[in-house]
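Visitor: Okay, handing you the structure first.
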Amino acid sequence: MYTSGVERPSSYQRRSKMKSFITNTLSDFFFEYETPRQVLVRNKRVGVVCRLIQLGVLAYIIGWVFIYEKGYQSSDTAVGSVLTKMKGVGYTNVTGEERIWDVADFVFPVQGDSSFVVMTNYIMTQGQKIDKCSEPPNSKNRCSSDADCEGRSERTGDGHMTGKCLVNTTKMCEVLAWCPVEDDGNIPEYVRSLKMMLTLYSPALLMSAENFTLFIKNTINFPAYGVTRCNLVEGIDNQYIRSCLYDPKTSPLCPIFRLGDLVQLSGFNFAAIAKVGGAIGIIIDWTCNLDHDQSDCKPIYSFHGLYGNPDETDTARASVGYNFRYAKHYMEDKQEKRTLLKVFGIRFDIIVRSVATKFDIIPTLTAIGSGVGIFGVATVVCDLILLYLLPKREFYNNMKFKVTETMEKEPLDEFKSEKEVSKKHSEEVLVHHEAPLSET
């Protein structure tokens, strides 16, 4: 049998070498430290550029990240609820018929939601019953013969056509509907005088709604911080609520608002918006810094007119104002009847915006780490100037980068690391250079 001239290591030697290899590797990993070599460049222009960039980065970190954006804080949004309550009494006298309107009549819905409508104008059609009658004069269903009134229901009609044309009377199609049908052709509208450049208004039926009051109760909770706040903040008690009325300057925390003031603060005219209705947004803003005392966390109210301003420049709007219909049904002489109301009103939408901030070590360290990383921009810019723009760029290039000759690698032993081979090679080179000195 052929035997090689090289003696193979025993299993004991192999285990010993493996143990030594693992020990050296772990020792190098835990007890050695590597750091990059730095080159100190004495150049005034480059030094000034570097410091200016670092100063700008420092100003950005301190001024923008920490002071303006408060990068040292975490944030949380709130969950909450809004309760509302209207108070007021309205009076109307239409063709000698006097009527009293209270909150159960002019607020929709009456449950005190965060979005509700206050009726300011209306068209009432009383005593309607299911019968056959003519379409109103402002209807599009005009006819000249029965063929124009074939049995169908128009989307914009008031009922189902019977197939009969009332040629001798109204020249309108006969319909099976709630009769008499509603005639909303005389909707109160504003009239613009082109000569005087003024807008003239006829009063809405419920102009008294201007003096109605709205009470808002808003409670929020920041779950991340366990903080609960209410717009009835410290200092607002029953005695204060009985006498206060919101004013942005004198009573900015009063939760009771006069509707006329709300409309005015939103930039609208109450007499104008009461005619055909509109919408107003009420913003309750909770921006709280919980690093301060919780009593400093207070709401700020703002009001925004959304639509319904007749003074808008667009006079060709397809839909003006806000309205809806509802009916009150009753029985009379064993026959079902109803009173139909087309309601024009102001829709109020209460929107709560909330954010709370508080010191947190995690975003603080993140902001600091990001800022330290941005300091590297100064090094990149200065290196570009040194290596590509200055006249002595070749000299700086040689000082910054160390070029070495190619070193031939010797075959690695089965359990000998590259680091050990490199170390051995360095020792051989050192001996080679020191040998002549020792001979002399």
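Visitor: Could you work out the local net charge near residue 218, counting Lys and Arg as +1, Asp and Glu as -1, over the other residues with Cβ closer than 12 Å to its Cβ? Before the final figure, lay out the partial values.
Guide: Details: positive: 217, 229, 298, 353; negative: 285.
My count for the surroundings of residue 218 gives +3.
Visitor: Something else now. For a quick check of understanding: with a 1.4 angstrom probe and all protein chains in place, what accessible area in square angstrom does residue 135 have, to the nearest ten?
Guide: Per-residue accessible area (residue 135): approximately 10 Å².
Visitor: Then there's this: Which order do the peptides 32-39, 332-339, 138-145 take when ranked by the mean count of other beta-carbon atoms within 10 Å per residue, highest first? Provide the component values of the computation, followed by the final result.
Guide: Details: 32-39: 5.9, 332-339: 11.2, 138-145: 13.5.
The densest-packed peptide leads the list: 138-145, 332-339, 32-39.
Visitor: Once you place label points 7 Å from the Cα toward the Cβ at residue 390 and residue 144, how far apart are they in nm?
Guide: Each label point lies 7 Å from its Cα, and together they span 9.7 nm.
Visitor: Separate question: On a 1.4 Å probe surface of the protein chains, which of 84, 23, 169 comes out largest in accessible area, and what is the full order?
Guide: On the way: 84 25, 23 75, 169 105 Å².
Most to least solvent-accessible, the answer reads 169, 23, 84.
Visitor: Suppose R0 equals 60 Å; then what is the FRET efficiency for residue 99 and residue 68 from their Cβ-Cβ distance, rounded to the nearest 0.05? Working shown, then result.
Guide: Working: r = 57 Å, r/R0 = 0.96.
Here the calculated transfer efficiency is 0.55.
Visitor: Okay, moving on. Taking the Cα centre of region 148-307 as the origin and placing charges on Cβ (Lys, Arg +1; Asp, Glu -1), which of 239, 303, 216 is farthest toward the positive end of the dipole?
Guide: The listed residue farthest towards the positive side: 303.
Visitor: Same structure again: Figure the gain on full extension for residue 243 and residue 111 (residue separation times 0.36 nm, minus the Cα-Cα span) and round it to one decimal in nm.
Guide: Working: separation 132, 0.36 × 132 = 47.52 nm, distance 2.45 nm.
Stretched fully, the residue 243-residue 111 segment lengthens by 45.1 nm.
Visitor: Residues with beta-carbon under 13 Å from that of residue 150, excluding residue 150: net charge, scoring Lys, Arg +1 and Asp, Glu -1?
Guide: Details: positive: 152, 164; negative: 146, 148, 154, 174.
Value of the local net charge: -2.
Visitor: Continuing with this model, one more query. Please compute the modelled spin-label separation between residue 379 and residue 325, points set 7 Å along Cα→Cβ, answer in nm with one decimal.
Guide: The two pseudo-label positions are separated by 7.6 nm.
Visitor: Starting from the Cα gyration tensor of region 37-132, multiply each eigenvalue by 5, take the square root, and state the resulting semi-axes largest first in whole Å.
Guide: Details: eigenvalues 1091, 50, 37 Å².
For region 37-132, the semi-axes come out at 74, 16, 14 Å.
Visitor: Round to a whole angstrom and tell me the spacing of the C-alpha centers of region 238-287 and region 318-347.
Guide: Here the answer is 28 Å between Cα centres.
Visitor: Would you check the accessible area of residue 360, probe 1.4 Å, heavy atoms only, in square angstrom rounded to 10?
Guide: Solvent-accessible area, nearest 10 Å²: 50 Å².
Visitor: Stretch residue 215-residue 131 to full length: gain in nm at 0.36 nm per residue minus the Cα-Cα span?
Guide: Details: separation 84, 0.36 × 84 = 30.24 nm, distance 4.43 nm.
Net length gain for the segment: 25.8 nm.
Visitor: So how exposed is residue 165, as accessible area in Å² (1.4 Å probe, rounded to 10)?
Guide: 10
Visitor: For residue 334 and residue 124, what is the calculated FRET efficiency with R₀ set at 25 Å and r taken between the beta-carbons, to the nearest 0.05? Numbers along the way, then the final one.
Guide: Values: r = 24 Å, r/R0 = 0.96.
Once the sixth-power term is evaluated, E becomes 0.55.
Visitor: Further, regarding this structure: Can you figure out the FRET efficiency of residue 236 with residue 365, using R₀ = 30 Å and their beta-carbon distance, to the nearest 0.05? Could the numbers behind the result be given before it?
Guide: Details: r = 40 Å, r/R0 = 1.34.
E(calc), rounded to 0.05, equals 0.15.
Visitor: Determine the sum of side-chain charges near residue 84: Lys and Arg each +1, Asp and Glu each -1, restricted to other residues whose C-beta is under 15 angstrom from that of residue 84. Before the final figure, lay out each step's value.
Guide: Working: positive: 85, 87, 217, 258, 347; negative: 113, 349.
Combined, the nearby Lys, Arg, Asp and Glu give +3.
Visitor: Given 0.36 nm per residue, what is the gain on full extension from residue 342 to residue 183 after removing their alpha carbon distance, in nm? It would help to have the intermediate numbers written out before the result.
Guide: Numbers: separation 159, 0.36 × 159 = 57.24 nm, distance 1.01 nm.
The span from residue 342 to residue 183 would gain 56.2 nm if fully extended.
The values are calculated or read from the model by the stated rules, or taken from the named source; none is laboratory data. Computed from a prediction, not measured in an experiment: that's the story for all the values here. Quick reminder, even Gly has a Cβ in these numbers, built from the backbone with ideal geometry, and neighbours come from all protein chains shown. Surface accessibility is based on the protein's heavy atoms, side chains included, excluding ligands, DNA and RNA. Shrake-Rupley method; radii C 1.70, N 1.55, O 1.52, S 1.80 Å.
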